[in-house]
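For reference, the structure discussed in these notes is given below.
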Amino acid sequence: MGSFGIAREWSRLDPSTSPIVPEFNAWLHELVRGEGSDLHVKVGSPPMIRMPDGLHRLDRDPLSPIETKVIAAAIVPEDRWRELEERGEVDLAYSVPEVGRFRVNVFRQRGSISMVLRKLRFGGPSFEELGLPEAVRSLAEEHRGLVLVTGPTGSGKTTTLAAMIDHINRTRPVHIVTIEDPIEVLHRDQLASINQREIGNDTGDFLTALRAALRQDPDVILIGEMRDTETVRAAIQAAETGHLVLSTLHTVDATETVNRVIDFFPPFQQKQVRLALAGTLRGIVSQRLVPTVDGSRIPALEILVNTGRVAERIADPDRTHEIKDVIADGEYYGMTTFDRSLLRLVQEERVTVEAALQAVSNRHDFELAMQQAGLVVPA
């Protein structure tokens, strides 16, 4: 029996009797009390809490391999342990009474067990908290169609989607079904009714859950991520049949997002997909997180709203590259480029010029825009 099997045997003997387990729960309490976001647990290092300015080590001796095994044995459910042994990682949720609920990833690292726990919040943040413009609110108020939130890992896509779901929850008497891997924000019913399903715990995969969702009388469907052709196809079909579908892709801007959706399909299907996407897409919100002057982070956004001009360019592969020009000219419709969004953040003194310059798409054009706005361009 391998080392993980031994740890699993310990769990059957009740690992909560070990002093490391209540100590572990105390670290989570400290995470919540200090308003941190993540707890890192790793052999050879003290526990670490992520704060806005980086990781902070707790005042504790480095963890031993046995201690992380006992913690894992205490929190990984029996039916998920084999997944950890076979795949080397497992996602799960963990709750501590009167402290909170946490998303957990337990994984192998150099032969030992490590884990990262993220604090989950109840209810999404407001658009005002996140500094999101009115165009994002308008997309959340659509009654049907496809809305995509895109960006690299860690760009705040889940948080933006949570704000959109929270807004719908507070303002519309609808049924919302979310399919997430894992659930990161917990929503309580307000004006809407919400069912949140987690891959691995409540359902097998996104496609199975999405097909089932269409039999659950939904008005709004959130798909945590569109990962394969069949899920993308089902999402577009759900949007075509009168549902509002929200989802994410790991793409850097609106033009790449359109191309990525189409590239999921073989060439002989792409013309049909282009026409379907041109008809169902309501908008794309692409994000980059930028450091603020107060040490936190705020999203800089590129926003595409699907007007007639945009739909023409989605449908025509020879003109798709023109989407970025339509966005630049589409301020009247709520569209914005990354650089225009960054300029606004600099003008509002929420982001420094130096931080903005690290995130711009075109430095030369951005510096010209700064000059036109009467801002000082660094030498």
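All of the numbers you see were taken from the coordinates with simple rules; none came from a lab. This structure is a prediction, so every number in the text was calculated from the model and none was measured. Reconstructed Cβ throughout: ideal geometry from the backbone, glycine too, with neighbour counts over all protein chains shown.
Explain nothing, just compute: Karplus ³J(HN,Hα) = 6.51 cos²θ - 1.76 cosθ + 1.60, θ = phi - 60°, for every residue of the range 127-144 in order, whole Hz, x for Gly and Pro.
After applying 6.51 cos²θ - 1.76 cosθ + 1.60, I find 4, 5, 4, 8, x, 7, x, 4, 4, 5, 4, 4, 5, 5, 8, 5, 9, 7 Hz.
Full-extension gain between GLU35 and LEU275, please, as 0.36 nm times their residue separation minus the C-alpha to C-alpha distance.
81.8 nm
Whole angstrom only: what separates the Cα centroid of the range 105-183 from the Cα centroid of the range 237-292?
So the two Cα centres are separated by 17 Å.
Eigenvalues of the Cα gyration tensor times 5, then square-rooted: what semi-axes does that give for the chain, in whole angstrom, largest first?
In descending order, the three semi-axes are 39, 27, 19 Å.
Would you kindly give the portion of the calculated P(r) for the range 3-119 that falls above 19 Å, as a percent of all Cα pairs?
Percentage above 19 Å: 42.
Between THR171 and ASP365, what is the spin-label point distance in nm, taking each point 7 Å from the Cα along the Cα→C-beta axis?
It works out to 3.0 nm between the two label points.
Points 7 angstrom from Cα along the Cβ direction at TYR332 and GLN196: gap in nanometres?
Between TYR332 and GLN196, the label points sit 4.1 nm apart.
So if we plug the beta-carbon distance of LEU55 and ALA373 into 1/(1 + (r/R0)^6) with R0 = 30 Å, what FRET efficiency do we get, rounded to 0.05?
My answer for the efficiency is 0.25.
So which trypsin sites (Lys or Arg not before Pro) in the range 155-236 pass both tests, a DSSP loop state and at most 10 other Cβ atoms within 10 Å of the Cβ?
Passing both the DSSP loop test and the Cβ count: ARG188, ARG215.
Going 7 Å from the Cα of VAL293 in the Cα-to-Cβ direction, what parts of the range 333-366 have a backbone nitrogen less than 12 Å from that spot?
345-354
Which of the lysines could be linked to LYS324 by a straight reach, that is with a Cα gap under 27 Å, when you skip same-chain ones fewer than 8 residues away?
Filter leaves LYS157, LYS271.
Apply 1/(1 + (r/R0)^6) to the Cβ-Cβ distance of GLU78 and ARG144, taking R0 = 45 Å, and write down the FRET efficiency to the nearest 0.05.
Rounded to the nearest 0.05, the efficiency is 0.60.
When the chain is fully extended, how far beyond the present Cα-Cα distance does ASP325 get from ARG121, taking 0.36 nm per residue of separation?
Difference between extended and current length: 69.6 nm.
ASN259 versus GLU128, label points 7 Å from Cα toward the beta carbon: distance in nm?
Simple spin-label model gives 4.0 nm for this pair.
Quick one: 3J(HN,Hα) in Hz for the range 359-372, Karplus 6.51/-1.76/1.60 with θ = phi - 60°, rounded, Gly and Pro as x.
Per residue, the Karplus-derived 3J(HN,Hα) values read 10, 5, 7, 9, 4, 4, 5, 5, 5, 5, 5, 5, 4, 5 Hz.
State the percent of C-alpha pairs, over all pairs in the range 127-336, separated by a distance greater than 29 angstrom.
Across the range 127-336, Cα pairs with separations above 29 Å total 20 percent.
Under a straight-distance cross-link criterion of Cα-Cα below 29 Å, which lysines are reachable from LYS69, leaving out those fewer than 8 residues away in the same chain?
The qualifying lysines are LYS42, LYS119.
Write out the GluC sites (Glu not before Pro) in the range 78-183 meeting two conditions: DSSP loop, and at most 10 other Cβ atoms within 10 Å of their Cβ.
Passing both the DSSP loop test and the Cβ count: GLU98.
If each residue of separation counts as 0.36 nm, what is the full-extension length gain between ASP318 and ALA26 once their alpha-carbon separation is subtracted?
Going from the current span to full extension adds 99.3 nm.
For the chain, what is the calculated [θ] at 222 nm in deg cm²/dmol (nearest 500), taking -39500 (n - 2.57) for each run of four or more DSSP H residues and dividing by its residue count?
-12000 deg cm²/dmol
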